[in-house]
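Only the coordinates and a few stated rules stand behind these numbers; no lab work does. Everything numeric in this text was worked out from a predicted model, so none of it was measured. Note: ideal-geometry Cβ built from the backbone for every residue, glycine included; neighbour counts use all protein chains shown.
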Amino acid sequence: MLRGLYTAYTGMVNQQKRLDTMTNNLANVNTVGFKKEGATNEAFSDVLAYRLKDVTTPGNGRYIGQMNLGVKIGENYTDWTQGAFRNTDNTYDLALSGSGFFSIEFTNKNDETMTLYTRDGGFTVNTAGYLVNDNGDYVLGRAANGGLERIQLDPTKDTYIDQTGGIYQDDELMATLQITDFADYDYLAKYGENYYRAIEGAELQDADARVHSGYLEQSNVESVQEMVNMITIQRNYEANQKVITTLDRSLDIAVNQIGKV
């Protein structure tokens with residue numbers, strides 16, 4: 001009976017984690033380039049119960065069956081499905097079709113500079129002529145030496161961006177966007193502010209993404225489906241609550257009423 005309480009408890013904790021994931025998805029339903037998450041779970045491995053000091057059996061013990069230890073909370077995963085495109089007619093709003101990420105130069109609060117990656121292509125040109133995102137972080141392009149460099153343009157000139165990421169002004173190639181892709185997205189970790197960072201073991205590969213100027217990639221969160229999932233989670237949570245309530249009443253009867261003279 002006590003094991004039943006623990007099993008129901010693990011079920012409630014698991015449903016709470018799933019609910020946290022769903023609510024985060026719904027909170028980002030309008031976030032450009034956001035990729036929704038899902039939660040995994042599995043059963044704890046069954047263990048064999050063993051009766052100790054049983055003098056009625058050889059060896060003073062014997063197996064009496066299996067016990068299930070409830071639900072084990074798994075890891076969150078990211079759904080990399082491409083989101084729908086929204087037309088903005090803004091040249092510097094860019095969307096990627098296919099696999100790949102925009103490369104961004106990011107400086108943290110400790111003044112450490114690193115390269116992060118995003119699917120959010122809402123860019124603009126600042127007063128100094130640099131291509132930046134909504135956070136003011138620099139968008140990176142391919143340098144002549146094969147490295148990365150900030151992209152500087154003339155804000156007074158008309159700009160054209162082709163599907164390979166080439167940025168033209170007055171029919172002259174000014175820069176080329178650095179579109180980065182990875183062999184295994186399991187080596188990407190969310191950094192915050194809609195960024196991803198490559199962790200140890202990440203392998204770069206050629207990106208097959210095409211750049212679409214004048215469009216933004218929307219979040220791939222489907223609000224209706226997330227609401228349905230939340231209703232299912234709520235019902236599962238309530239079912240575990242009822243199990244705990246029922247077992248609590250049974251324990252109360254066993255302790256306070258059975259055997260009472």
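Against the set (1) 1.22; (2) 0.96; (3) 0.94, the structure's computed Rg/Rh (Cα atoms, Kirkwood Rh) falls on (1). Among 220, 14, 236, the largest mean-square fluctuation in a Gaussian network model of the chain (Cα springs under 10 Å) belongs to 236. The H on the amide N of residue 72, modeled in the peptide plane, is under 5 Å from the matching H of 42, 43, 44, each at least 5 residues off or on a different chain. Springs join every pair of Cα atoms under 10 Å in this Gaussian network model of the chain, and among 134, 79, 111 the largest mean-square fluctuation is at 111. Sequence-distant contacts, meaning Cα pairs under 8 Å at least 6 residues apart, place the relative contact order of the chain at 26 percent. Here is how the number arises for the chain: DSSP H runs of 4 or more residues each give -39500 (n - 2.57), the sum is divided by the residue count, and the result at 222 nm is -8500 deg cm²/dmol.
For residue 156, the shell of other residues with beta-carbons less than 15 Å away shows a net charge of -3, using +1 for Lys and Arg and -1 for Asp and Glu. In the range 85-217, Cα pairs under 8 Å separated by at least six residues give a relative contact order of 35 percent. Across the chain, the longest run free of exposed loop sites, meaning GluC sites (Glu not before Pro) lying outside DSSP classes H, G, I, E and B with no more than 11 other Cβ atoms within 10 Å, spans 1-111.
Amide H contacts for residue 122 (H built 1.01 Å from N in the peptide plane; partners 5 or more residues away or on another chain; cut-off under 5 Å): 94.
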